[in-house]
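Read the figures in this text as sums done on the coordinates, not as results from a lab. Nothing here was measured: the structure is a model prediction, and the numbers come from that model. Reconstructed Cβ throughout: ideal geometry from the backbone, glycine too, with neighbour counts over all protein chains shown.
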Amino acid sequence: MAAEADIDSAIDNLAAAIKEATVNPKPNYTVDGQSVSWGDYLQVLTSRMDGLLKARQSLAGPYQRKSRMVSR
């Protein structure tokens, strides 16, 4: 399915960006009144990753969980 492949590709891209942001963290700074917060950037990346993982899971369809009660 094309949608699954697109989501998997996006997940791979975000994983690479998250890896880069955590391996080579940068400080927050302000230039000409514009602020850059690397912590906020990482938070956005991880939030988007969560959304994509949920989307991929929803494409997989419903699942059933079976359990069995054991009495002693």
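Key figures for this structure:
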{"read-out": "Rg ratio (alpha-carbon, reference 2.2 N^0.38 Å) - the chain", "value": "1.70"}
{"read-out": "Cβ charges +1 (Lys, Arg) and -1 (Asp, Glu), total dipole of the chain, debye", "value": "780 debye"}
{"read-out": "Gain upon complete extension [residue 53, residue 32; 0.36 nm per residue less C-alpha separation]", "value": "3.9 nm"}
{"read-out": "Point-to-point label distance, residue 43-residue 66, nm (Cα→Cβ direction, 7 Å offset)", "value": "4.5 nm"}
{"read-out": "Distance in nm between pseudo-label sites at residue 10 and residue 22 (7 Å out along the Cβ direction from Cα)", "value": "2.1 nm"}
{"read-out": "With Cα atoms, 0 to 90° folded angle of helix 2-23 axis to the chain main axis", "value": "50 degrees"}
{"read-out": "In degrees, nearest ten, helix 38-59 long axis to first principal axis of the chain (Cα)", "value": "30 degrees"}
{"read-out": "Relative packing of 9-16, 25-32, 53-60, which averages over residues the other C-beta atoms within 10 Å, highest first", "value": "9-16, 53-60, 25-32"}
